[in-house]
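**Q** Quick one: structure below, then a few questions.
Derivation of every value follows stated rules applied to the coordinates shown; laboratory data play no part. Since the structure is predicted, the reported quantities are computational estimates derived from the model, not experimental observations. Cβ atoms come from the backbone with ideal geometry, glycine included; neighbour counts cover every protein chain shown.
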Amino acid sequence: MFAYYLRLGVSNLRRNPALTALMLLTLGVGVAASMATLTVLHVMSGDPIPHKSERLFSVVLDNGPDGERGPSQQQNLVPYRDVRELKDGAFGLRQTGLYGIAPAIDSGRDDLPPFFAAGSAVHRDFFAMFETPFAAGGAWTDEADRDGARVVVIERRVAERVFGSAAAAVGEDLVLGETPFQVTGVLDGWSPLPRFYRLSGQDPFGDSDDVFIPIAAAVDMQMDPSGSINCSAGGALEPGFDGLLRSECSWLNYWIETATVAEADALRDHLRAHVEEQRRSGRFPYQGEVVSARNVMQWLDFLQVVGSDVRLQTWLAFGFLLVCLVNIIGLLLAKFTARSSEIGVRRALGAPRIELFKQYLIEAGVVGFAGGALGLLLTVSALWLMASQSPNLEKVARMDGTMLGATLALSIGAALLAGLLPTWRASQVRPAAQLKSQ
Amino acid sequence: MEIRPILSALLRSRTGAILIAAQVALTLAIVSNALFVVNDRLALSARPSGVDESVVFHIDLSPTRDIDDVAAMQRLDVDTLRAVPGVVDAAWSNQVPMGMSGWGLGLSHKEEDESLVLAAAWASPDSLVNTLGLTLVEGRDFLPSEYHEFDMRRGAMHAESIIVTRRTATQLFPDETSVVGRSVFMRTPAGFLPVSIVGVVERLKSPFAQASDNAWSGYILPIRFLGQGTTYLVRVDRPDAMPAVQRDAEAALLGLRRDRVLANNRTLSQVRDVRYAPQRSVAGMLIAVTIGLLLITGSGVVGMASLWVAQRRKQIGTRRALGATRAAILRYFLTENALITSAGIVLGLILGIVLNNVLVGQIEMPRLPLTYLAGSAAVLWLLGLVAVLGPAWRAAAVPPAVATRAA
Amino acid sequence: MLRMNQLSKVYRTHMIETHALRGIDIHVREGEFVAVTGPSGSGKTTFLNIAGLLEDFSAGEYLLDGVDVRGMNDRQRSQLRNQKLGFIFQSFNLIPDLNLFDNVDVPLRYRGLPAAERRRRIEAALTRVGLASRMKHFPAELSGGQQQRVAIARALAGEPRLLLADEPTGNLDSQMARGVMELLEEINEQGTTIVMVTHDPELAVRAQRNVHIVDGRVTDVVQEVSLRQPLAAIA
């Protein structure tokens, strides 16, 4: 019977072309608006590293003065001195400090003028922690980490630009500023969305980093951080880069990977022990909770990576869909009412109410499917439009298989929902009343 | 007039009427909130910067190696820029209005006072007032003797005088009309620095261009900052000369030395476009939603009214046969629609406030002013009227002879 | 085949109570061709609707082919309708969007017959009414008489035990009407019981027996002598 009803539903689409077109358009537009905004929200609020995001913690220590804390006084970075101490403490499976750098890359080639790269200064654990895919080579050694060796891991596009290919880059020297760095590995287009590991001072959905060098090397070469430096904690800032290293200014991220999710409490205890230790030398005057360790999703939430405008758009888009649904209820009601006599005949010929209910609901589903196909087309166009309107949406306004299926499902579900009332009304038609009249 | 019989007819066949009223209500709720957000975002993105944006551009250079003679380089660069034909003035600057990154340092009345007025800190060894075309409302620009050099790697920041924006003057001294000559303290990383206000500019938008009035908080320091990065603000004599001057300026600067590359060369209008792209995109999306909603609700009214007219052809014919004029039939349908739309609008006003409350809770959004509700209600009422005109016209055109025809 | 005892039907709205049938007794035997006559508003359509299980009755008893239909749910009634009853209407009531084949197919679909069996029956039914060659045509392309033949084919395809006809020739000219009547008589001869509602006395006399309803009551039962069958018993 399903196939029969499906055939009837499809052929009935052609029955009143204007009404059908209006219905499909209404449904398609409503679905497209909802799905386009939902796609953006889905990508923006997605888990960039799902299988271990609950074991990766971003550490923040509040070194500000004692007193009330407003939302604007919340720290989200760590001073260098704490990074050094915590790294020495080596709690958990892996840990890495992290800050943004913007070195100039000089290929030495005449045909390629120096260009600026976005990069991060990190510890070697970084690569294993965040499971960066290597196209060639690998991370640098522990010794290089300790000694601040001039080594670098680069992104594939940089390798191809400077050396021609990923494989050719490994072992070669890349000149950052004026200093040659030996390439130990080439990443294979690693671009987590959002770029959760370093969110300070840039678009979380922008381009990924080009180069990674050891923190010790960056500090040794006095590379200024490209992100923000927060000196609101007070204390003296002596001149020069050494002054910055010794200061209470916060400008690094510190990430810890634990072996289990349950280890989070132990991690916080470890951090508290560090704070107590530091308090002996007069640091951490704040008497409230100083320690925070947030896992990836908590971290993204804390930094409000998903802007409230995105949520607003999603809310309003679904409101829009709701209005479309009410409209479709009316249109289906009109369409089905016009067929009361057919319903009467079918009833007389032995169709129970439930069969008519099925038939008309399937017809609504067919409308949903067709509307969904149109909606899919419109969604893709809407996403394309959004991406072209605003460059910071370019990476997030993309459709994946899940969202594709969800679009069709939403459309069919919406049409079935809208079809319930008209279908129920249709199945309640009293056959006797319809058979006499012409 | 004949509202009572219409109402009782409506109450007997209510599904369609309820659907239309619900649609009007939802549309009103969404449209009023959406338009409010649109206006908010567009107003935000149109806020003045205090700079004549049509004739100012900024050009940024990044060094590819450490530069030793920063002060000399800055002087030569600015002189070179001023020599480019069409350039009115040029200035080194630590930041660009609406440029999205820059300095913020607090000001206070007393030393060691942590209740700070946070403001954008502008530093330039040249005249930002002249280069950006700022309006001095009190006091004067800096004198040549007031400028100091500051190298973060070697020493602490020093200054005796500052020029504040009117907004910051009000923040510091809410009750005073004149602030020139007053002393305040600037909280630098190295400690509190006493400075004296020598001038007040009407307006200068901060690099962060916040959504609040703090976007205009700021002050200018007569400081030559010896940093590696270089940003120059350049004012041109007329808007149509901009592209040529930008091109010439870029060539002139890059021709001076080979150890730096161009990072940016954009007009302030372009900077504004980048800064407010998200706001404009939200506004665009919401305008699209609004138009879509009005179209769909309008088509819903047309569809449902057409259905009613079709269903009541015989009844209409009978009425006509019994002496009803065309105008009376037209009036019947218009009144019927007005009743439904009005019911929807009443419901929509409530829904609109509820939706606004939800949005206020979910995202940062101010309360919806009643004018938006009233305006949107009026638009929807008119929309309903216009949408029903077609079907009502067709109803009025039903000939009385329909009544006598067989069923 | 059909037995109604003291059957009543009252229509109620919140203000008005209308007695459409006031305790009628009608018995139809298997193989009979009965005409139900009466003036407009007498209750004959209500009788047909109740007989066809399209409407409920208020009081009394109704046995269809020995089955008491009281208390049946919609699915049981629909099934009974589908398997035992065939309908022919004054206005044919073909579904305009389906071609002849699909129109005849409708009752068979609800019976859940396999495709091959359905096809066999549809072709047989359409052949019987002489329209097998126009299977793919739509109702609008046919004359009134042809449309009614399709409706008869649709009724026959389900091999009903009882055929209910409501003014089957009301919308037809006399020549077409004669053709349709002949077809009905032929069907009856082959064993299908027919109950036909009509206000046309000329048509009524061609039935074996007439039941006259006036004002919701059976006034008299007119016995007709059949030439083809032994005397039908008066119930």
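**Q** Only Cα pairs within less than 10 Å get springs; with that Gaussian network setup on chain B, which residue of B:Tyr232, B:Tyr372, B:Tyr219 has the largest fluctuation?
**A** Highest fluctuation of the listed residues: B:Tyr372.
**Q** Going by amide H atoms built from the backbone, whose H comes under 5 Å of the H on B:Thr64, apart from near neighbours?
**A** Close amide H contacts, sequence-distant or interchain: B:Arg260, B:Val261.
**Q** Also, quick follow-up: Just checking the protein assembly as shown: which Cys have no other cysteine's beta-carbon under 4.7 Å?
**A** Cysteines of the protein assembly as shown left without a disulfide-compatible partner: A:Cys324.
**Q** Need one value for A:418-430: mean number of C-beta atoms belonging to other chains within 10 Å of its residues' C-beta atoms. All intermediate terms of the calculation are to be shown ahead of the outcome.
**A** Working: counts 0, 0, 0, 2, 1, 0, 0, 1, 0, 1, 0, 0, 3.
What the average comes to for A:418-430 is 1.
**Q** Counting helices only, and only those DSSP H runs with n ≥ 4, report the 222 nm mean residue ellipticity of chain B as the sum of -39,500 (n - 2.57) divided by its residues, in deg cm²/dmol to the nearest 500.
**A** Working: 11 runs with 199 residues, N = 407.
Calculated at 222 nm, the ellipticity per residue is -16500 deg cm²/dmol.
**Q** Show the residues, 5+ positions off or on another chain, whose built amide H is closer than 5 Å to the amide H of B:Ser124.
**A** Placed amide hydrogens put B:Leu221, B:Ile223 under 5 Å from B:Ser124.
**Q** HN-Hα J couplings of the stretch A:172-178 from phi, Karplus 6.51/-1.76/1.60, θ = phi - 60°, integer Hz, Gly and Pro as x?
**A** 7, 9, 10, 8, 9, x, 10
**Q** Still on this structure, I have one more. Among residues other than C:Gly66 whose Cβ falls under 15 Å from its Cβ, what is the net charge (Lys/Arg +1, Asp/Glu -1)? All intermediate terms of the calculation are to be shown ahead of the outcome.
**A** Working: positive: C:Arg3, C:Arg29, C:Arg70, C:Lys84, C:Arg161; negative: C:Glu30, C:Glu61, C:Asp65, C:Asp68.
Charge balance in the 15 Å sphere: +1.
**Q** Taking amide H positions as placed in the peptide plane 1.01 Å from N, state which residues far from A:Arg124 in sequence (5 or more) or on other chains have amide H under 5 Å from it.
**A** Residues meeting the amide H criterion: none.
**Q** Students often get this wrong, so check it: of C:Lys9/C:Lys84; A:Lys335/B:Lys314; A:Lys358/C:Lys84; C:Lys44/C:Lys84; A:Lys358/C:Lys9; A:Lys52/A:Lys395, which have C-alpha atoms separated by over 26 Å? List each step's numbers first, then the result.
**A** Values: C:Lys9/C:Lys84 23 Å; A:Lys335/B:Lys314 20 Å; A:Lys358/C:Lys84 23 Å; C:Lys44/C:Lys84 21 Å; A:Lys358/C:Lys9 31 Å; A:Lys52/A:Lys395 23 Å.
In this structure, A:Lys358/C:Lys9 exceed 26 Å between Cα atoms.
**Q** Going by C-beta contacts inside 10 Å, put A:Trp384, A:Trp315 in order with the fewest on the left. Don't jump to the answer; show the numbers that get you there.
**A** Details: A:Trp384 14, A:Trp315 18.
Ordered from fewest to most neighbouring Cβ atoms within 10 Å, A:Trp384, A:Trp315 come out as A:Trp384, A:Trp315.
**Q** Explain nothing, just compute: Karplus ³J(HN,Hα) = 6.51 cos²θ - 1.76 cosθ + 1.60, θ = phi - 60°, for every residue of the stretch B:247-263 in order, whole Hz, x for Gly and Pro.
**A** Once θ is set to phi - 60°, the couplings for the stretch B:247-263 become 5, 5, 4, 4, 5, 5, 5, 5, x, 6, 8, 9, 9, 8, 10, 6, 9 Hz.
**Q** Return the single residue from B:Arg154, B:Arg320, B:Arg266 with maximal mean-square fluctuation; model: Gaussian network over chain B, springs between Cα atoms under 10 Å.
**A** B:Arg154
**Q** Just the Cα atoms of the protein assembly as shown, one point each, no solvent: what log10 I(q)/I(0) does Debye give at q = 0.07 Å⁻¹?
**A** Results for the protein assembly as shown at q = 0.07 Å⁻¹ read -0.80.
**Q** Cβ under 12 Å from A:Gln428's Cβ, A:Gln428 left aside: what net charge do those residues give with Lys, Arg +1 and Asp, Glu -1? Each step should come with its number before you reach the end.
**A** Values: positive: A:Arg347, A:Arg353, A:Arg425, A:Arg430; negative: C:Asp74.
Result for the local shell: +3.
**Q** So, one more: Note down the net charge around A:Thr39, summing +1 for each Lys or Arg and -1 for each Asp or Glu among other residues with Cβ under 9 Å from its Cβ. List each step's numbers first, then the result.
**A** Working: positive: A:Arg398; negative: A:Asp400.
With Lys, Arg at +1 and Asp, Glu at -1, the neighbours total 0.
**Q** Convex hull over the Cα atoms of chain A, averaged projected area in nm²?
**A** On the way: hull surface 113.7 nm².
Taking a quarter of the hull surface, the average projection is 28.4 nm².
**Q** Also, quick follow-up: To make sure I understand, if each residue's beta carbon is the centre and we count other beta carbons within 10 Å, what order do B:His109, A:His123, C:His212 fall in, fewest to most?
**A** Values: B:His109 14, A:His123 24, C:His212 18.
Fewest-to-most ranking of B:His109, A:His123, C:His212: B:His109, C:His212, A:His123.
**Q** Would you look at the GNM of chain A, springs on alpha carbons closer than 10 Å, and say which of A:Gln182, A:Gln298, A:Gln287 moves the most?
**A** Of A:Gln182, A:Gln298, A:Gln287, the Gaussian network model singles out A:Gln287 as fluctuating most.
**Q** Just flag the trypsin sites (Lys or Arg not before Pro) in the stretch C:1-90 sitting in loop per DSSP whose Cβ has no more than 12 other Cβ atoms within 10 Å. Mind showing how you got there, number by number?
**A** Values: sites: C:Arg3, C:Lys9, C:Arg12, C:Arg22, C:Arg29, C:Lys44, C:Arg70, C:Arg75, C:Arg77, C:Arg81, C:Lys84; in loops: C:Arg29, C:Arg70.
Hits after loop and neighbour filter: C:Arg70.
**Q** While we're here: Using alpha carbon centroids, what distance separates the stretch B:82-123 and the stretch B:217-284, in Å?
**A** Taking the Cα centre of each part, the stretch B:82-123 and the stretch B:217-284 sit 15 Å apart.
**Q** Run the reach check for B:Lys110 against lysines, Cα to Cα strictly under 28 Å, same-chain hits fewer than 8 apart removed. What comes back?
**A** B:Lys205
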